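Take a look at the structure set out below.
Just so it is clear, none of the values below were taken in a lab; they were calculated from the coordinates. Bear in mind that the values here come from a model prediction, so they are computed numbers and not experimental data. When we count neighbours, we look across all protein chains shown, and the Cβ atoms used for this are built from the backbone with ideal geometry, even at glycine.
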Amino acid sequence: MQNSIDPKRRALDAPSTAVTLLTNELLEQAVRASRVNDRKRVILPLHKSADALLHRMFNVMQPGTYIPPHRHLVPPKDESIVVVRGALCFITFDESGTIQQMTDIVAGTDIFGVDVCAGVYHTFFILEPDTAMFEVKSGPFSPVTDKDFPAWAPREGDAGVEDYMAQLRQMREEQ
């Protein structure tokens, strides 16, 4: 794993070992990187290449990071998420952007993860600093086809992101 922390880097290097123990020390490397990352998040892949047929990773995030609503449609990919540290609010939407479900997912509680079928629009926002989730979905990874973004939500970096996130947080508070 890379020792220096680059605030623009989206992902750390995968461990080079054939068998990798999932330790707090390994996770702490990703936590430190997420704290200084421009996007307030970083991925620590466990799979060795983008061509791997099964992608396993830690996704470590800080409050204020924005994950645009998206779905995994072409090719269809199911996705499983287990929160191992911290908490997030997970949201699903219908085709027009209406919220279908909004659920807090908190490490160590009755609801600690979610399994999402391919084609379901979803996003989440972070409720606690240093939130870490273990994510699994099929590969290979192609940045062109990995996510299908709807027209009804802002993309990362758009001017409307802060307002959109504030609306989602407000809806959570009202439920």
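Taking the criterion of being loosely packed, with under 15 Cβ neighbours inside 10 Å and closer than 17 Å to Gln170 by Cα, the residues of the range 89-98 that qualify are Gly97, Thr98. For the structure I just gave you, tell me whether Val84 is under 30 Å from Ala52 (Cα atoms) and under 14 Å from the mean Cα position of the chain (by Cα). When the stated conditions are applied, Val84 passes them. Would you call Ile91 within 16 Å of the chain's Cα centre (by Cα) and not in a loop (DSSP other than H, G, I, E, B)? Taking the combined requirement at face value, the residue satisfies it. From Pro154, Pro69, Pro76, which residue is surrounded by 15 or more Cβ atoms within 10 Å (Cβ to Cβ), more than 19 Å from Asn37 (Cβ to Cβ) and out of contact with any strand residue (DSSP E or B) (no Cβ under 8 Å at 6 or more places or on another chain)? Within the list Pro154, Pro69, Pro76, the selection yields Pro154.
For Asp51, the requirement of being free of Cβ contacts under 8 Å to residues at least 40 places away in the same chain, more than 15 Å from the chain's Cα centre (by Cα) and exposed (fewer than 14 other Cβ atoms within 10 Å of the Cβ) is not met. When the range 27-48 is filtered for residues that are β-branched (Val, Ile, Thr) and crowded, with 18+ Cβ neighbours inside 10 Å, the ones remaining, listed by number, are Val31, Val42, Ile43.
Being over 19 Å from Ala11 (Cα atoms) and in contact (Cβ under 8 Å) with a residue 12 or more places away in the chain holds for only one residue in Ala118, Ala132, and it is Ala118.
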